[in-house]
Amino acid sequence: MHIAVCDDNIADRKQTERLLGRQSDRIFKESGERLYIDSYGNVDAFMIHPQMYHGLFVDMTSSEKNGIEIARMLLERGVTKPIILCSSTIDYEQEATKFGLTEENILFLNKPIKVAELTEVMDKIKLMMGDPIKVLELRGQKDTIYAKGDDIICVKRKGSELEITLTEGRSISIIADIYNFYDQCAIFPQICPVSDAGLININHIASTSFGKVTLDNGMALSISLIYRNSIKQAKELLKELQEQANSDMDQRHK
């Protein structure tokens with residue numbers, strides 16, 4: 001398990017390292033797994049390879065960017081592992097609510113860090129390691145978006161490009177074959193084809209009628225005759241996977 005600490009207060013950073021060192025001893029005794037800790041005092045070094053870490057502890061208060069801004073940067077880079085904002089002079093939980101930072105992988109700790117609370121966070125990190133959030137890299141000409149399954153609303157083929165419509169009013173065009181792209185979407189069972197030129201996310205369906213599906217953003221796509229059963233099949237598969245996931249979760253907690 002690889003953990004990063006990014007803190008511009010040297011004393012706090014060293015204390016977090018010491019507490020994580022004790023957690024490393026506990027985890028090794030329980031599972032034989034080792035904890036590797038990298039410590040950073042500046043943002044540039046921290047942001048070189050943030051995706052490699054299973055948990056990222058952040059508290060930057062004196063630098064140009066504070067913890068909230070760094071958390072946003074991490075999310076934009078496609079980090080889906082737990083980002084733990086450690087509040088000292090900034091109440092990150094309050095700030096996150098104010099700025100709409102509600103992602104499930106954002107966690108909070110208050111300083112001075114208590115052992116019991118840190119243990120709870122480390123257990124959450126271990127749990128999320130076994131069930132990572134899947135993302136798909138969408139690389140356009142100017143931007144790259146790391147999309148989770150329900151970020152994607154629909155995909156339309158336009159010439160040699162795919163126009164991908166996402167939540168929050170976002171969109172991106174990528175050069176790709178729609179069949180190859182659908183293969184990449186195998187990690188998202190909610191994505192299904194409705195024609196040779198269109199894919200939709202069944203979780204964003206507002207209504208269906210004969211030959212047409214309307215999505216919750218108001219867009220409508222035609223359903224080809226050969227794909228008339230694809231939505232039903234995708235819903236059945238998604239339900240089956242969700243039931244299996246719930247069963248696995250119940251087993252973990254026994």
message = For the range 85-137, which positions are surrounded by 15 or more Cβ atoms within 10 Å (Cβ to Cβ), part of a helix (DSSP H, G or I) and aliphatic (A, V, I, L, M)?
response = Ala96, Leu118, Val121, Met122, Ile125, Met128
message = Conditions first: (1) touching a strand residue (DSSP E or B) at 6+ places or on another chain (Cβ under 9 Å); (2) under 21 Å from Ala147 (Cα atoms). Tyr92 passes all but one, so which condition is the exception?
response = (2)
note = In the range 213-231, residues that are over 15 Å from Asn201 (Cβ atoms) and either free of Cβ contacts under 8 Å to residues at least 12 places away in the same chain or not polar (S, T, N, Q) (or both) total 4
note = Listed by first then second residue, the pairs whose first member lies in the range 174-191 and is in the same structural domain as Leu238 (by the TED database), whose partner is open to solvent by 30 Å² or more (accessible area, probe 1.4 Å) and assigned to a loop (DSSP other than H, G, I, E, B), with beta carbons under 8 Å and at least 6 positions apart or on separate chains, are Ile175/Ser160; Ile178/Asp196; Ile178/Ala197; Ile187/Lys134; Phe188/Lys134
query = Do you know which residues across the range 175-189 are of a type in the set (S, T, N, Q) and in contact with a Gly (Cβ under 9 Å, 6 or more places away or on another chain)?
reply = none
ask   = Going by the conditions given, is Ile145 in a loop (DSSP other than H, G, I, E, B) and crowded, with 16+ Cβ neighbours inside 10 Å?
value = no
key: Residue under evaluation Arg77, criteria (1) open to solvent by 10 Å² or more (accessible area, probe 1.4 Å); (2) farther than 20 Å from Lys148 by Cα, criterion not met   = (2)
ask   = Has the range 25-45 got at least one residue that is closer than 24 Å to Asp143 by Cα and not β-branched (Val, Ile, Thr)?
value = yes
ask   = Among the residues of the range 199-211, is any at pLDDT below 95, open to solvent by less than 20 Å² (accessible area, probe 1.4 Å) and not assigned by the TED database to the domain that holds Gly100?
value = no
remark   = Sole miss for Arg22 among (1) open to solvent by less than 60 Å² (accessible area, probe 1.4 Å); (2) assigned to a helix (DSSP H, G or I) is condition (1)
message = Take the conditions more than 18 Å from Leu138 (Cα to Cα), open to solvent by less than 10 Å² (accessible area, probe 1.4 Å), in a strand (DSSP E or B) and in contact with a Leu (Cβ under 7 Å, 6 or more places away or on another chain) and apply them to Val194. Does it pass?
response = yes
message = Here are the criteria: (1) more than 20 Å from Lys124 (Cβ to Cβ); (2) at pLDDT 95 or above; (3) among the small types (Gly, Ala, Ser); (4) open to solvent by less than 60 Å² (accessible area, probe 1.4 Å). Tell me which single one Ala11 does not satisfy.
response = (4)
note = The residue from Ile70, Ile48, Ile27 that alone is under 22 Å from the mean Cα position of the chain (by Cα) and part of a helix (DSSP H, G or I) is Ile70
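The values are calculated or read from the model by the stated rules, or taken from the named source; none is laboratory data. Source: prediction; values computed, not measured. Here the Cβ is made from the backbone with ideal geometry for all residues, glycine too, and neighbour counts use every protein chain on show. Just the protein is used for accessible areas: all its heavy atoms, side chains included, with ligands, DNA and RNA removed. Shrake-Rupley method; radii C 1.70, N 1.55, O 1.52, S 1.80 Å.
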